[in-house]
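Here is the structure we will look at.
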Amino acid sequence: MTKQLFFFNIFPSWIIILMPALLISGPFLSDLGLSLVGIIFLINSIKNKLKKYYENYYFKFFFIFCVILILSSLLSDDILKSLKNSLFYFRFGIFSLCFWYLLENNQFLLKYLFISILLCFLSLIIDGYFQFFFGKNLFGYELYNDYRVSSFFGSELILGSYLARFFPILFGLFIFLDKSKKNKLMLFLMTIVFILSEGLIFISGERLALFFMNLSAVYIILMLKEYRIYRLWTYLLSLCLIVVLMSLFPNSKERFIDKTIYDFTRNSDDKLYIFSKPHTDMYLTAYRLYLDNKFFGVGPRQFRNSCNEYSVSKYSCETHPHNTYLELMSEAGIFAFLVVAGLFIFICYISIKHLVFKFIRSKKGIFNDFEVCLLSAIIISLWPFSPSGSFFNNWMSIVYYFPIGLLLWQISKYKNSIKTKKINSKLVKI
């Protein structure tokens, strides 16, 4: 093995394989790993002239998006603080390009990535249920508020978010690798993982994560070709588990049902709110910010510093407005909003097109099952009609861009296969 092969291929491949575990460890190691992958790929791109990875619509739109973010920071009141989030934002897009490159050059990557994510899920399932039933996890972390499970994440209540966002990727990799459909033991293991993961999301107390898990499940069931029945009955079994947990442990039921109803309706004048009064007030404040800063916003991660004069209540000012699109509008302006909203609309359009081909025209559809799962992972990240974490949070950004590298590789494979078919047809004619 040459030094160049190790530095440009093997080393970054293992960082990506370990990325699901690094994300469990926290934001520092995962961001460090992503940055190393990006730097290595930039050096590789210059040295070996890897132009093809930059000559596509994805990179062109991503480059425009990065320029918009930097301009927004330069026009903000606190330029240096805002630039900390926008100047090096490009590393997330470069990470996806490197992921694509490595998939084309390392056949072992997908297999070991699947094993890595599966081991992370198994570890979280064992530790999470242990924490739920015994009050402490294997590292001694106690239940949050005496009933919410966080496992290895400790005080960071993101266990459910992690499971919900990586679940479609795990399922997609399983589909891609299970081409023979003869590994009954792996199928049984995956079934157990699927059902227990959804139950674990429920006992984590993360309502948004449970919604995303259900959203991706419905999307996948509708869009799949070969694994639709399998995913349907595993989904139904997981719902049965949630009903049992809800019956046996009323604290979880109170958070998901009673507290949700209360959040929508709590007030003194019988008004309905968008998710809750704090959410509604933050959304109104973000919209007011946008109206005075339409084109480039107040700067990435500057909502908290700019919201006081636009505040509608004591709930209005947080670190971010808890909705991706309102955050983009208020912090980066209309142009950044249009880039991300345009991507979401495009994915919705091609998804509908896939369903039309699949059900109405009785054809196979546009996407294979692996691509359907990847699109599901992207859709829940871009979903506009729910609260969300900060779009500029490093941990969340890694999760957002993780499935994009896999999808870019799949698109490239499809284009290459079309070219090969055309060439072969010409040769036959000759």
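The values are calculated or read from the model by the stated rules, or taken from the named source; none is laboratory data. These numbers were taken from a predicted model, which means no experiment stands behind them. Cβ atoms come from the backbone with ideal geometry, glycine included; neighbour counts cover every protein chain shown. Heads up: the accessible areas ignore ligands, DNA and RNA and are worked out on the full protein's heavy atoms, side chains in. Shrake-Rupley method; radii C 1.70, N 1.55, O 1.52, S 1.80 Å.
Within the stretch 1-13, restricting attention to residues that are open to solvent by 40 Å² or more (accessible area, probe 1.4 Å) and touching a residue at least 24 places away in the same chain (Cβ under 8 Å), the residue that is farthest from the chain's Cα centre (by Cα) is Phe7.
Does the stretch 105-114 contain at least one residue that is not polar (S, T, N, Q) and not in a helix (DSSP H, G or I)?
Step one: filter the stretch 105-114 for residues not polar (S, T, N, Q), giving 108-114.
Filter again for not in a helix (DSSP H, G or I), leaving 108.
Taking every residue of the stretch 105-114 in turn, at least one turns out to be not polar (S, T, N, Q) and not in a helix (DSSP H, G or I).
Across the stretch 375-394, a minimum of one residue is classified as in contact with a Ser or Thr (Cβ under 8 Å, 6 or more places away or on another chain), open to solvent by less than 20 Å² (accessible area, probe 1.4 Å), within 15 Å of Lys225 (Cα to Cα) and not hydroxyl-bearing (Ser, Thr, Tyr).
What about Ser123, is it polar (S, T, N, Q), open to solvent by less than 80 Å² (accessible area, probe 1.4 Å) and over 26 Å from Leu22 (Cα atoms)? Can you show your working first?
On the way: polar (S, T, N, Q): yes; open to solvent by less than 80 Å² (accessible area, probe 1.4 Å): yes; over 26 Å from Leu22 (Cα atoms): no.
So Ser123 fails the test.
Taking first residues from the stretch 59-78 that are farther than 9 Å from Phe296 by Cα and partners that are open to solvent by less than 10 Å² (accessible area, probe 1.4 Å) and part of a helix (DSSP H, G or I), the Cβ contacts under 7 Å between residues at least 6 apart in sequence or on separate chains come to Phe59/Gly93; Phe59/Leu97; Phe62/Gly93; Phe65/Ala336; Ile70/Ser86.
Looking at the stretch 294-333, which of the residues that are hydrophobic (A, V, I, L, M, F, W, C) and more than 23 Å from the chain's Cα centre (by Cα) is surrounded by the fewest Cβ atoms within 10 Å (Cβ to Cβ)?
Of all residues in the stretch 294-333, those hydrophobic (A, V, I, L, M, F, W, C) come to 295-296, 298, 303, 307, 312, 317, 326, 328-329, 332.
If we keep only those that are more than 23 Å from the chain's Cα centre (by Cα) too, we end up with 295-296, 298, 307, 312, 317.
On the way: Phe295: 13, Phe296: 21, Val298: 27, Cys307: 23, Val312: 15, Cys317: 18.
Only one residue fits best here, namely Phe295.
Which one is least open to solvent (accessible area, probe 1.4 Å) among residues in the stretch 77-119 that are farther than 25 Å from Glu371 by Cβ and aliphatic (A, V, I, L, M)? Filtering the stretch 77-119 for residues that are farther than 25 Å from Glu371 by Cβ and aliphatic (A, V, I, L, M), the one least open to solvent (accessible area, probe 1.4 Å) comes out as Leu83. Residues that are over 13 Å from the mean Cα position of the chain (by Cα), more than 23 Å from Asn214 (Cα to Cα) and part of a helix (DSSP H, G or I) were ranked within the stretch 360-413; the one that is modelled with the lowest pLDDT is Ile360. Selection of the stretch 45-60 for residues being closer than 13 Å to Cys98 by Cβ and over 26 Å from the mean Cα position of the chain (by Cα) yields Ser45, Asn48, Leu50. The set of residues from the stretch 32-53 being open to solvent by 80 Å² or more (accessible area, probe 1.4 Å) and not in a helix (DSSP H, G or I) comprises just one member, Lys49. Checked against (1) in a helix (DSSP H, G or I); (2) over 23 Å from Ser116 (Cα atoms); (3) free of Cβ contacts under 8 Å to residues at least 60 places away in the same chain, Ser82 meets all criteria but (3). Restricted to the stretch 280-293, and to residues there that are in contact with a helix residue (DSSP H, G or I) (Cβ under 6 Å, 6 or more places away or on another chain) and within 18 Å of Ile68 (Cβ to Cβ), the residue that is surrounded by the most Cβ atoms within 10 Å (Cβ to Cβ) is Ala286.
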